[in-house]
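I have placed the structure first, in the form of structure tokens, so that the comments after it can refer back to it.
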Amino acid sequence: MEIIILLILSYSTGAIPTSIIVSKVAKNIDIREHGSGNAGATNVYRILGWKYALIVLLLDIFKAWLPTAVYATTISHPISILDTGFIQILCGSFAVIGHTYPIFAKFKGGKGVGPLIGVLLALFPIAFPLCLIVAIGIIIKTGYVSLGSIFAAISLPIFILILPTVGIVSPNLSLVVFSLLVPWFVIYTHRSNISRIRNGTENRFDKALIFKNKTTD
């Protein structure tokens, strides 16, 4: 019974629609009715600018970090039949699901990247900057934030499996399994972006294209 309450609490925390709240408070709009229609930090950036997008991103990270780092290690302490790492992953996963399918916003939320960062920071923070480098590299090369997110997710299990070979602390089995599932989840939530990239209609972050070829007439 206690684990059920814990997971409901984690889901509810993740389901707080931060982008919708911020866009409503800032400009009295529903962010889902503008831009790509996604309730995430990237769409907030396109419509409201980087300051509001940063607020949304930090809140999205925090609302998954909190269940993973705090709920799972304090509220669940008496649950001895499950190891702490597994409980943390369960709590973090439910927070991510809450963000993606929020009961408070008619189950239409973001794509889970921000909350997944929060889970990663709570479980294996050393992998985050490495995944971030991958994401930035892809965004600079292609201009697609969605593609950067996908490749960062794909790189996560690779880094988690490689880091122990260079003397970094080994992750537990639960984290390894979780990291292997993350790319599939991110690819699934970005399936519409993948379709738009293929047909050339995906929004491109042109300012990030540092190495964009310049042509002259």
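The values are calculated or read from the model by the stated rules, or taken from the named source; none is laboratory data. Keep in mind that this is a model prediction, so the values were computed, not measured. Quick reminder, even Gly has a Cβ in these numbers, built from the backbone with ideal geometry, and neighbours come from all protein chains shown.
Below is a table of values for the structure above.
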quantity: Pick from region 73-97, criterion over 27 Å from G109 (Cα atoms) and among the hydrophobic types (A, V, I, L, M, F, W, C), ranking: modelled with the highest pLDDT; calculated: L82
quantity: Test: residue in region 128-144 that is touching an Asp or Glu at 6+ places or on another chain (Cβ under 8 Å) and either among the charged types (D, E, K, R) or not assigned by TED's automatic domain parsing to the domain that holds I5 (or both); calculated: yes
quantity: Residue that is farthest from A69 (Cα to Cα) [pool: residues in region 118-134 that are surrounded by fewer than 21 Cβ atoms within 10 Å (Cβ to Cβ) and under 12 Å from the mean Cα position of the chain (by Cα)]; calculated: L132
quantity: Residue ID - modelled with the highest pLDDT, chosen from residues in region 14-55 that are surrounded by fewer than 22 Cβ atoms within 10 Å (Cβ to Cβ) and among the polar types (S, T, N, Q); calculated: N28
quantity: Selected residue (only one of T100, T84 is of a type in the set (S, T, N, Q), within 19 Å of N172 (Cβ to Cβ) and assigned by TED's automatic domain parsing to the domain that holds G14); calculated: T84
quantity: Some residue of region 36-49 being small (G, A, S), part of a helix (DSSP H, G or I) and more than 15 Å from the chain's Cα centre (by Cα); calculated: no
quantity: Selection within region 106-129 - of a type in the set (A, V, I, L, M) and within 17 Å of S10 (Cβ to Cβ); calculated: L116, I117, V119, L120, L121, A122, L123
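To keep it simple, each residue is scored yes or no on (1) more than 24 Å from G143 (Cα to Cα); (2) within 21 Å of the chain's Cα centre (by Cα).
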{"site": "P164", "(1), (2)": "yes, no"}
{"site": "V169", "(1), (2)": "yes, no"}
{"site": "S192", "(1), (2)": "no, yes"}
{"site": "R198", "(1), (2)": "no, no"}
